[in-house]
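*Asks:* This is the structure, below, for whatever I ask next.
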Amino acid sequence: MKLTKHLASVVIASTCLCAPALAQTKLTMWYHGAGNEVESRILNQIISDFNTSQSDWTVTIESFPEKSYNDSVAAAALAGNLPDILDVDGPVMPNWAWAGYLQPLPIDESEFADFLPGAKGVWDGKLYSVGLWEAAVALFARQSTLDELGLRTPTLDKPWSREEFMAALDAAKASGKYEFALDLGMNDQAEWYSYAFSPFLQSFGGDIVDRSTYKTAEGALNGEAAQAFGKWWQSLFTGGYAPGTSEDPADQQTGFIGGKFAFQWNGNWRAVATMEAVDDVVFLPAPDFGAGNKIGAGSWQFGVSAKSRHPEGAAEFIKFAAQDKYLAAFSDGIGLIPPTPSAAQMTKNYKDGGPLAVFFDLSKAQALVRPVTPGYVVQAKVFTKALADIANGADVADTLDAAVDEIDADIESNGGYGHR
Amino acid sequence: MASKLTLSNRAGWTFALPGFALIFTFIVLPFFFAIGLSLTNQRLLSPNPTQFVGLENYQQLLGLAVVTLEPERNDAGEMIRNEAGEIQYPRLRAITRSDDYPQYRGMREWFRWQSGENVMVVIASDVVFMKALVNTFLFVLVVAPVQGSLALMLALLINHRVRGINLFRTIYFMPVVVSIVVVSLLWRFIYDGQNGLLNSILQALTFGLFQPVDWLGNPSTALPSVMAMSIWQAVGFHMVIWLAGLQTISPTLYEAAAIEGASRWQTFRYVTWPGLRNTAVLVLVVITMQGFALFAQIDVMTSGGPLDSTQTLVFQAVERGYGKQDISGGSTISVILFAIVLAISLIQRWLTRER
């Protein structure tokens, strides 16, 4: 009985379906979000939807902890074991493209025309990666705190100036109700420093590297604007406004919610959880330190590895995953910014009048991607160490000069990283 | 003897083979790779071809120089002083960036001292490496004797046949079983500057007189804190080795000592300690090598900060090789570390040789 059923199905399959559809080609994918339940659930849903939606490809996923993901990819690339679909952090993408880990996406760029600029990874004029979300950083505060301290609510059009921002911190400090006025997440010395804090430097008018040539950091990271930034940065810690580099890692999760801090500089991936715990939380735009208010752009994106033998299948999956409903699902799940306006309207938080809607416009208008150069990986490390040292009391001018020297030496020893 | 070892012991060699193969593949071979890579400009990922650069990496790490800074003078030749009356010196960068001194390019200040009117500045091509070198030596110099003797004391304490002694053995050994990463995470909370356990206990013990210390955030307490935690974590391991050594000492010797009327100190000095000779050498060598390999605690607890006060050689090797994608630089540090550990082990062997 069973045998006949099997036979019948084989006969039906071989006659009715076209031949290549018989075997699905296996595609492998690596992801950085091991341990994040919500993220994994959404992504697994997308993958199973994709696998059942067509019969050419089947995608399998392997998740890595974020901290060791980049190292794993580098090691796998050296060993020639890259998967078909790679998850890549936006600012790291040029490094991987330059090194030959990634190939340009075999998808027409116009397919992603309405995506936020920060969600598209373009290097050397070619599209390499596409993000299912965009992230943003905001100043978390309670409306009640603002009212109590008598502070003006900053808006995108009229953000706090440096003076207003410092006055707000002073008021919070003077109230004596908080352990610290501001939580910056100083313990996280990975990508967070350059992502969250380099926009402050840019708002002062400096930058990590000179973006007109990408061949030196001289003047950008140690010029007048950068020195002013460095002094201000140091004053946050010498003035006792924010905890330093030895901050408790749990503070990013619970510090603001528990009332340890009046303000928290945090990513919108913490927005949903914070809204659930704090009724009157408001998300304020970055202060303007003189050259406009800036926040970082560019988050994790999907690309096709250079060694993939099925780039068309990988591209198929990326296109499938970039549907509005999935973009909206990620946004609702973890509070990230959906990269398209149409997806934004499908979400709870980013549709017109939603509690986070302001970020969509901010990301569109003022988010600045980190330096688009293969040297960024090293520059971010140097920048992070410089900021940590300044926070710990190192001389500002010497530290920034030394950082410039190190970045310049690295660019030189890498033959200019292919910038012409 | 040799023929017995090589021929009649075929089964033994067969059993040892997998171990040898693993050691060769994962320790010996990579080490020779490291020596080779340290002579090139190999990057972790780069489309540029690898070039042979000779000893440039070693120069880059070990380069040192001393420059003399003369006081700044005004047109009349008087020294310029600031409001506090301190003599003003030109910025070091004026020299290290100047085309007049191409040999100092890219070097940074390590430390300086006053010499008469002038200031002598020791500049290094790689200040962080130098600090890592000093910190690593400091760590070993403190941890090796303290951990070794503490372990011996614990071993002597628990080398008794009393009821419930296994409970104490277990308690002392427990930290060894827990992963060092987990232990480091836990100790971060203990050392927390605001409401860490250590500060709370000290405050309670001193009835609030004790001012909380940011143990890991203060350059002067960060390395000692890591040392204390490392000593605590691995002391049980060495305790067990000492214990094994203690139990090889024949009880008849103790009986003889008792009959001769030896005091407890004399028993220890003339029976126990000589009997522990080989164990002592082993413990010392093992602690030294583990000390030089200090990494996980740093990676989890301080990332080398604050102000490089907890940089170590292995942390720098990893940071450089993976973080900054400079495999040749990381390999160079590993080779230097190997040379240091080898030299120290040989010295230890020589000092503790059979005379």
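*Asks:* Could you grab the Rg to Rh ratio for chain A? Cα atoms only, Kirkwood for Rh.
*Replies:* 1.02
*Asks:* Something else: Ordering B:351, B:223 by how much accessible area each has at a 1.4 Å probe, largest first, what is the list?
*Replies:* B:351, B:223
*Asks:* Further, regarding this structure: Assuming R0 = 45 Å, what is the FRET efficiency of residue B:165 and residue A:190, from their Cβ-Cβ distance, to the nearest 0.05?
*Replies:* 0.50
*Asks:* Given Cα positions, please report Rg to Rh for the stretch A:292-420, the hydrodynamic radius being the Kirkwood one.
*Replies:* For the stretch A:292-420, the value is 1.09.
*Asks:* For helix A:376-391, what angle does its Cα long axis make with the longest principal axis of chain A, in degrees from 0 to 90 and rounded to 10?
*Replies:* Once rounded, one gets 30 degrees.
*Asks:* Also, quick follow-up: Count, for each residue of B:297-310, the Cβ atoms from other chains sitting within 10 Å of its Cβ, then give me the mean as a whole number.
*Replies:* 4
*Asks:* Turning to a different aspect of this structure: Amide H of residue A:123 versus every other amide H placed in the peptide plane: which residues, excluding those fewer than 5 positions away on the same chain, fall under 5 Å?
*Replies:* Amide H neighbours of residue A:123: A:128.
*Asks:* Restricting attention to the alpha-carbon atoms of the stretch A:349-420, what are Rg (one decimal) and Dmax (integer), both in Å?
*Replies:* In Å, with Rg to one decimal and Dmax whole: 17.6, 51.
*Asks:* By the gyration tensor of its Cα atoms, with a ≥ b ≥ c the square roots of the eigenvalues, what is the shape of the stretch B:82-153: rounded for a/c under 1.5, prolate for a/b over b/c, or oblate? Present the calculation step by step, with values, prior to reporting the outcome.
*Replies:* Values: a/c = 4.62, a/b = 2.05, b/c = 2.25.
Because a/c hits 1.5 or more and a/b fails to exceed b/c, the stretch B:82-153 counts as oblate.
*Asks:* On average over all directions, what projected area in square nanometres does the stretch A:147-280 have, based on the convex hull of its Cα atoms?
*Replies:* With the hull built on Cα positions only, its mean projection is 9.3 nm².
*Asks:* Between helix A:162-175 and chain A, what is the angle of the helix's C-alpha long axis to the longest principal axis, kept within 0 to 90° and rounded to the nearest 10?
*Replies:* Long axis of A:162-175 versus the principal axis of chain A: about 80 degrees.
*Asks:* Still on this structure, I have one more. Can I get the semi-axes of the protein assembly as shown's equivalent ellipsoid? Compute them from the C-alpha gyration tensor as square roots of 5 times the eigenvalues, in angstrom, largest first.
*Replies:* 47, 39, 30
*Asks:* May I ask you to list the aspartates and glutamates whose Cα is less than 18 Å away from that of residue A:26, ignoring any residue fewer than eight positions away on the same chain?
*Replies:* Within reach: A:49, A:56, A:62, A:84, A:87, A:312, A:316.
*Asks:* In Å², rounded to the nearest 100, what is the total accessible surface buried by chains B and A against each other with a 1.4 Å probe?
*Replies:* The B and A chains share an interface burying roughly 2900 Å².
*Asks:* Within straight cross-link reach of residue A:177, meaning Cα distance under 21 Å, which lysines are found once same-chain residues fewer than 8 apart are removed?
*Replies:* A:260
*Asks:* Separate question: Just the number, please: carbon plus sulfur as a percent of the accessible area of the protein assembly as shown, 1.4 Å probe, no ligands or DNA/RNA counted.
*Replies:* Details: 22120 of 36580 Å².
Carbon and sulfur: 60 percent of the exposed surface of the protein assembly as shown.
*Asks:* Among A:175, A:308, A:194, whose mean-square fluctuation peaks in a Gaussian network model of chain A (Cα, cutoff 10 Å)?
*Replies:* Answer for the Gaussian network model of chain A: A:175.
*Asks:* Relative to the first principal axis of the alpha-carbon coordinates of chain A, what is the inclination of helix A:2-16, with its axis defined by its Cα atoms, in degrees from 0 to 90 and to the nearest 10?
*Replies:* Roughly 80 degrees, rounded to the nearest 10.
*Asks:* Under a 5 Å amide H to amide H cut-off, with H placed in plane at 1.01 Å, what residues pair with residue A:304 once short-range neighbours are removed?
*Replies:* A:86, A:103
*Asks:* Starting from the Cα-Cα distance between residue B:112 and residue B:244, subtract it from 0.36 nm times their residue separation and give me the gain in nm to one decimal.
*Replies:* Difference between extended and current length: 42.6 nm.
*Asks:* Continuing with this model, one more query. To the nearest Å, what is the center-to-center distance of the stretch B:324-355 and the stretch A:375-392, using C-alpha atoms only?
*Replies:* The stretch B:324-355 and the stretch A:375-392 have Cα centres spaced 30 Å from each other.
*Asks:* Further question on the same structure: Determine the alpha carbon to alpha carbon distance for each of A:67/A:231; A:325/A:348; A:173/A:364; A:294/A:385; A:67/A:385 and list only those over 23 Å.
*Replies:* Those over the limit are A:67/A:231; A:173/A:364.
*Asks:* Through the Karplus equation 6.51 cos²θ - 1.76 cosθ + 1.60, θ set to phi - 60°, convert the phi angles of the stretch A:80-90 into ³J(HN,Hα) values in whole Hz; use x for Gly and Pro.
*Replies:* Coupling constants for the stretch A:80-90: x, 10, 5, x, 6, 10, 10, 9, 9, 6, x Hz.
*Asks:* Moving to a separate point now. Which aspartates and glutamates, if any, have their Cα less than 17 Å from the Cα of residue A:158, not counting same-chain residues under 8 positions apart?
*Replies:* A:288, A:361
*Asks:* Follow-up question, since we're still on this one. Could you tell me which helices of chain B pass both thresholds, a Cα extent of 27 Å or more along their own axis and a mean Kyte-Doolittle hydropathy of at least -0.5, with helices taken as whole DSSP H runs? Before the final figure, lay out each step's value.
*Replies:* Numbers: long enough: B:127-158 (45 Å, 2.17); B:222-248 (40 Å, 1.19); B:327-351 (36 Å, 1.74).
The answer, listed by residue number, is B:127-158, B:222-248, B:327-351.
*Asks:* Out of residues 5 or more away from residue B:111 or on other chains, whose amide H comes under 5 Å of its own, with H placed 1.01 Å from N in the peptide plane?
*Replies:* Counting only residues 5 or more places away or on other chains, the set is B:122.
*Asks:* Please work out the ratio of the alpha-carbon Rg of chain B to 2.2 N^0.38 Å and round it to two decimals.
*Replies:* The reported ratio for this selection is 1.29.
*Asks:* OK, next. For the protein assembly as shown, what is the calculated [θ] at 222 nm in deg cm²/dmol (nearest 500), taking -39500 (n - 2.57) for each run of four or more DSSP H residues and dividing by its residue count?
*Replies:* Rounded to the nearest 500, the figure is -15000 deg cm²/dmol.
*Asks:* Run the numbers on the stretch B:223-355 and let me know its relative contact order in percent, using alpha-carbon pairs under 8 Å that are six or more apart.
*Replies:* Relative contact order for the stretch B:223-355 comes out at 20 percent.
*Asks:* Peptides B:285-291, B:258-264: what's the order by average Cβ count within 10 Å, highest mean first?
*Replies:* Descending mean neighbour count gives B:285-291, B:258-264.
*Asks:* How far apart, in nm, are the 7 Å Cα→Cβ label points at residue B:141 and residue A:307?
*Replies:* 4.7
The values are calculated or read from the model by the stated rules, or taken from the named source; none is laboratory data. What you see is a predicted model; the values in this text were computed from it and never measured. For neighbour counting, all protein chains shown are included, and Cβ atoms are generated from backbone atoms with ideal geometry for every residue, glycine included. Ligands, DNA and RNA are excluded from the accessible area calculation, which covers all protein heavy atoms including side chains. Shrake-Rupley method; radii C 1.70, N 1.55, O 1.52, S 1.80 Å.
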